[in-house]
Amino acid sequence: MSNIAIRKETIDIVTVKVKEFQNKGELYFPANYVPENALKSAWLMIQETQDKDKRSALEVCSKESIANSLLSMVIQGLNPDKKQCYFIVYGNKLQMQRSYFGSMAVAKSVDPDIDDIYGMVVYDGDEFEYEISKGKKIVTKHIQKIQNVQKDNIIAAYACVVYQSGKENHVIMTIDEIKQAWKMSKMNPVDEKGHIKSGSTHDKFTAEMCIKTVINRICKPIINSSSDKNIVARFAAQADAEIKELEVQEEIEENANKEIIDVSVDIQDVESEVVEENILEGPDF
């Protein structure tokens with residue numbers, strides 16, 4: 001079957017399923033979201049997506065997983081053109097993964113009271129203060145001087161959710177806490193001594209990766225605490241769970257392969273570097 005035929009069949013399946021949810025009154029898209037446009041952009045991205053052996057996703061991934069990844073994208077209201085999501089091959093399965101832009105979009109979707117979400121980096125020499133109220137940290141002061149803005153000076157990062165009422169919710173992570181989160185990445189950007197590896201994506205774009213981490217950290221509980229009746233939150237949580245399961249399975253397979261020939265790590269690291277360097281998104285690390 002040609003790519004054109006596969007594209008039509010897959011998108012038709014997704015479109016029918018989306019209309020079912022809409023007809024049941026479970027799914028409503030914002031005025032500025034056009035599913036057809038998002039699907040076109042996603043298909044172009046999938047055509048360029050490869051597995052770790054440089055094989056096309058359309059060749060190795062099942063049609064079911066491709067359709068499910070597209071359905072998850074549309075249900076969550078994500079658009080690849082806005083760098084809100086991307087696609088990764090795990091074995092013979094294609095998985096749609098949110099970027100932190102996507103996590104912000106989903107968080108705003110499941111909680112309409114959210115007005116804005118942003119992240120900031122704290123550098124050594126900044127005037128930075130926070131207080132603890134009812135067990136929650138609240139940033140009260142952050143004054144930054146331009147001469148402090150150097151990646152080696154990063155000491156912390158924080159994310160803030162601003163609600164329409166004016167209320168704010170903050171997450172603050174020290175650079176050590178951020179590096180600990182990064183150690184969970186398959187890219188292994190932090191060495192045993194806690195230094196960011198030279199030349200890695202996290203080294204090249206340290207501030208952006210710190211912001212990514214704290215924004216994902218603050219968005220997750222918003223998404224996960226939403227009612228199961230919210231179809232967007234349900235699909236978002238399901239996608240996160242599937243990614244974790246696939247990552248665990250891939251790690252098991254890679255570790256098993258290491259006993260025979262130790263080449264998979266380098267290939268996987270290179271692939272991950274390309275994905276994250278292009279988009280600067282990914283899991284919470």
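The values are calculated or read from the model by the stated rules, or taken from the named source; none is laboratory data. Source: prediction; values computed, not measured. Cβ coordinates were reconstructed from backbone atoms using ideal geometry, including for glycine residues, and neighbour counts include every protein chain displayed. SASA here: full protein model, heavy atoms, side chains in, ligands and nucleic acids out. Shrake-Rupley method; radii C 1.70, N 1.55, O 1.52, S 1.80 Å.
Through the Karplus equation 6.51 cos²θ - 1.76 cosθ + 1.60, θ set to phi - 60°, convert the phi angles of the range 150-165 into ³J(HN,Hα) values in whole Hz; use x for Gly and Pro.
9, 4, 6, 9, 5, 10, 5, 8, 9, 10, 9, 9, 9, 9, 4, 6
In what order, largest first, do 101, 128, 87 sit by accessible area if the probe radius is 1.4 Å? Write out the running numbers ahead of the final one.
Numbers: 101 75, 128 50, 87 10 Å².
Output order, biggest surface exposure first: 101, 128, 87.
Mind checking the dipole of the range 1-101: about its Cα centre, +1 per Lys or Arg Cβ, -1 per Asp or Glu Cβ, Debye to the nearest 20?
On the way: 14 positive and 11 negative charges, 29 e Å.
My answer is approximately 140 debye.
For residue 234, tell me the accessible area in Å² from a 1.4 Å probe, rounded to the nearest 10.
Its accessible surface works out to 90 Å², give or take rounding.
Hey, what do the phi angles of the range 48-62 turn into as Karplus ³J(HN,Hα) couplings, whole Hz, using 6.51/-1.76/1.60 and θ = phi - 60°, x for Gly and Pro?
Once rounded to whole Hz, the list reads 8, 7, 10, 8, 5, 9, 6, 8, 5, 4, 5, 8, 9, 8, 5.
Subtract the Cα-Cα distance of residue 253 and residue 19 from 0.36 nm times their separation in residues, and report this length gain in nm to one decimal.
Numbers: separation 234, 0.36 × 234 = 84.24 nm, distance 3.81 nm.
My answer for the length gained is 80.4 nm.
What number, rounded to the nearest 500 deg cm²/dmol, is the helix-based mean residue ellipticity at 222 nm of the chain, given -39500 (n - 2.57) per DSSP H run of at least four residues and division by all its residues? Let's see the in-between values first.
On the way: 10 runs with 138 residues, N = 285.
Here the helix-only value at 222 nm equals -15500 deg cm²/dmol.
So how exposed is residue 7, as accessible area in Å² (1.4 Å probe, rounded to 10)?
It works out to around 90 Å².
Under a 5 Å amide H to amide H cut-off, with H placed in plane at 1.01 Å, what residues pair with residue 184 once short-range neighbours are removed?
Those qualifying (amide H under 5 Å, at least 5 residues apart or on another chain) number zero.
Give me the number: length gained by fully extending residue 8 to residue 53, i.e. 0.36 nm times residue separation minus the C-alpha to C-alpha distance, one decimal in nm.
Details: separation 45, 0.36 × 45 = 16.20 nm, distance 2.66 nm.
Here the segment from residue 8 to residue 53 would lengthen by 13.5 nm.
I'd like to check one number: the per residue accessible area of the range 72-212, probe 1.4 Å, reported in Å² as a whole number.
On the way: 7000 Å² over 141 residues.
Counting only protein heavy atoms, the per-residue value for the range 72-212 is 50 Å².
Could you work out the relative contact order of the chain, using alpha carbon pairs under 8 angstrom and six or more residues apart, expressed as a whole percent? Before the final figure, lay out the partial values.
Details: 423 pairs, mean separation 51.7, N = 285.
Reported relative contact order: 18 percent.
For Cα extents along the principal axes in Å, several values are listed as (1) 70, 40, 38; (2) 61, 53, 30; (3) 52, 50, 29; flag the one computed from this structure.
(2)
I need the phi-derived Karplus couplings for the range 127-134: 6.51 cos²θ - 1.76 cosθ + 1.60, θ = phi - 60°, integer Hz, Gly and Pro marked x.
8, 10, 9, 8, 10, 10, 10, 6
What ranking of 198, 109, 65 comes out by heavy-atom accessible area, probe 1.4 Å, highest first?
Details: 198 110, 109 60, 65 15 Å².
Ranking 198, 109, 65 by accessible area, largest first, yields 198, 109, 65.
Using a 1.4 Å probe and counting only protein heavy atoms, arrange 126, 152, 176 so the residue with the most accessible area comes first.
Values: 126 25, 152 135, 176 110 Å².
Accessible-area ranking of 126, 152, 176, largest first: 152, 176, 126.
I'd like the carbon and sulfur percentage of the solvent accessible area for the range 1-42, probe radius 1.4 Å, heavy atoms only, ligands and nucleic acids excluded.
On the way: 1560 of 2820 Å².
Of all accessible area on the range 1-42, carbon and sulfur atoms account for 56 percent.
Please state the relative contact order of the range 1-80 as a whole percent: Cα pairs under 8 Å, 6+ residues apart?
42
Taking DSSP loops as anything outside H, G, I, E and B, show the longest stretch in the chain free of GluC sites (Glu not before Pro) there with at most 14 other beta carbons within 10 Å. Show your work: numbers first, answer last.
Details: sites that count: 26, 192, 259.
Longest stretch, sites excluded: 27-191.
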